[in-house]
Amino acid sequence: MANIGKELDLAEQYLREGDIVAIPTETVYGLAANALSPDAVLKIFEAKNRPTFNPLIVHTYDFGQVHYFVRHIPPVAEKLANSFWPGPLTLLLPKKDIIPDLVTAGSPRVAIRIPNHPLTLSLLERLDFPLAAPSANPFGYISPTTPAHVASQLKDKVPYILDGGEATIGLESTIIGFDENDQPVIHRLGGISLEAVEAIAGTCIFQTSSEKPETSGMLKSHYAPGIPLLLGNIEEMLPQYSPGRTGILSFARKYPGIPPRHQVILSSKGDLFEAARNLFSALHYLDSLDLEVILAENVPNEGLGRAINDRLERARVENKQ
Ligand code: TXA
Ligand code: MG
């Protein structure tokens, strides 16, 4: 079993030696390695069982550092960075040669983020290299928002999990690239809502195609739990399933006739931030029960609700391979 602790020294030592460490961020836990070392980065792909055509986000602690890694920052990217970093925003920018091709899967653009977590920011400041880190789950599984999620999914594949508590946002970062006219293109909705992005950057282009996604989080079957998840009107679906073996993932209310421990309410007061924070934990929890099906419903499609609905859509049974 992986070692879980709060020792920055130990995390730093593993990373300096070219090993991987699970790190806390405000979005989800990441599986980190020296982004400038292809050998270290390869260990991430191995531990996650992730195809190497799938690029990784590079994490750093200060906007000043970003210039070492990218050739050009469009003015609108700078505005977004100033508004949301440190925070759940990832920018796709043209990379410098110092970033290995393995990190970007051969793409000329690198994904960069400054996470908003005090422990990880301290760790990044101690290191003289940035950290490549995808979410710390096996490829295609639910993202981890606690050290326990990481430990139960990756087991002994990660030597150390830096414990920074539960993720405060609970959804992966919002990923934004820029077209040839420097116009923002949203590749993945996440911890920053569309409304918040557009308030700073103006109207954005959406890259919603999941046929040939540039961003793997946009693969249709991502984030799926092991137990089939059906998304729709819970009340209408309920009568078809045996109450003792049915799990409920609801936005704000309980459903009669189903054991309370099989039901998770994302936010009883209907708060989308709270719902986002609870979403992946709820999926991990329901997935750990002896159930035949999970019945889930959409949340209001506004603010963070859009990203929550996106993750639910990708977790539903029709989208499992
Ligand atoms: O909040 C987050 O973004 C978390 C934390 C750990 O920072 N990370 C995360 O990483 O969600 P990951 O690998 O699970 O998702 C990152 C997404 C992937 O879908 C990947 O395809 C996309 O970002 N991505 C990374 N680099 C890219 C690039 N150069 N061009 C296009 N997409 C890229
Ligand atoms: Mg991921």
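Regarding region 136-151, can at least one residue be identified that is modelled with pLDDT under 95, crowded, with 17+ Cβ neighbours inside 10 Å, of a type in the set (A, V, I, L, M) and not in a helix (DSSP H, G or I)?
So far as region 136-151 goes, yes, one or more of its residues are modelled with pLDDT under 95, crowded, with 17+ Cβ neighbours inside 10 Å, of a type in the set (A, V, I, L, M) and not in a helix (DSSP H, G or I).
Would you pick out the residues in region 146-180 that are within 12 Å of ligand 2 (Cβ to nearest atom) and of a type in the set (Val, Ile, Thr)?
If the condition is that a residue be within 12 Å of ligand 2 (Cβ to nearest atom) and of a type in the set (Val, Ile, Thr), then ILE175 is the only one that fits.
If I go through region 283-307 residue by residue, how many of them are in a helix (DSSP H, G or I), of a type in the set (A, V, I, L, M) and either farther than 15 Å from SER250 by Cβ or under 15 Å from the mean Cα position of the chain (by Cα) (or both)?
Residues meeting the conditions: 2.
Could you grab the pairs with beta carbons closer than 7 Å, sequence gap of 6+ or different chains, first residue in region 126-139 and touching a residue at least 60 places away in the same chain (Cβ under 8 Å) and of a type in the set (Val, Ile, Thr), second one near ligand 1 (Cβ under 8 Å from one of its atoms) and assigned to a strand (DSSP E or B)?
So the pair list comes out empty.
Any residue at all in region 34-44 that's within 16 Å of ligand 2 (Cβ to nearest atom), of a type outside the set (Gly, Ala, Ser), farther than 21 Å from PRO100 by Cα and at pLDDT 95 or above?
No, region 34-44 contains no residue that is within 16 Å of ligand 2 (Cβ to nearest atom), of a type outside the set (Gly, Ala, Ser), farther than 21 Å from PRO100 by Cα and at pLDDT 95 or above.
Name the pairs whose Cβ atoms lie under 6 Å apart, with the first residue in region 88-100 and within 21 Å of THR52 (Cβ to Cβ) and within 16 Å of ligand 2 (Cβ to nearest atom), the second of a type in the set (A, V, I, L, M, F, W, C) and modelled with pLDDT of 95 or more, and 6 or more positions between them or separate chains?
So the pair list comes out as THR90/ILE57; THR90/ALA111; THR90/ILE175; LEU92/ALA111.
Within the group LYS254, LYS269, which residue is of a type in the set (D, E, K, R), touching a strand residue (DSSP E or B) at 6+ places or on another chain (Cβ under 6 Å) and either surrounded by 15 or more Cβ atoms within 10 Å (Cβ to Cβ) or in a loop (DSSP other than H, G, I, E, B) (or both)?
LYS254
Check whether at least one residue in region 66-74 is over 21 Å from SER122 (Cβ atoms), in contact (Cβ under 8 Å) with a residue 40 or more places away in the chain and not hydrophobic (A, V, I, L, M, F, W, C), and report yes or no.
yes
Please find, among ASN82, ASN49, the residue that is more than 22 Å from ALA276 (Cβ to Cβ), surrounded by fewer than 19 Cβ atoms within 10 Å (Cβ to Cβ) and modelled with pLDDT under 95.
Step by step, each of ASN82, ASN49 is checked, and only ASN49 is more than 22 Å from ALA276 (Cβ to Cβ), surrounded by fewer than 19 Cβ atoms within 10 Å (Cβ to Cβ) and modelled with pLDDT under 95.
Identify, from the list GLY303, GLY232, the residue that is of a type in the set (Gly, Ala, Ser) and touching a helix residue (DSSP H, G or I) at 6+ places or on another chain (Cβ under 6 Å).
The match here is GLY303.
The values are calculated or read from the model by the stated rules, or taken from the named source; none is laboratory data. Predicted model, so just to flag it, every value in this text is computed and none were measured. Note that each Cβ is placed from the backbone with ideal geometry, even for glycine, and that neighbours are counted across all protein chains shown.
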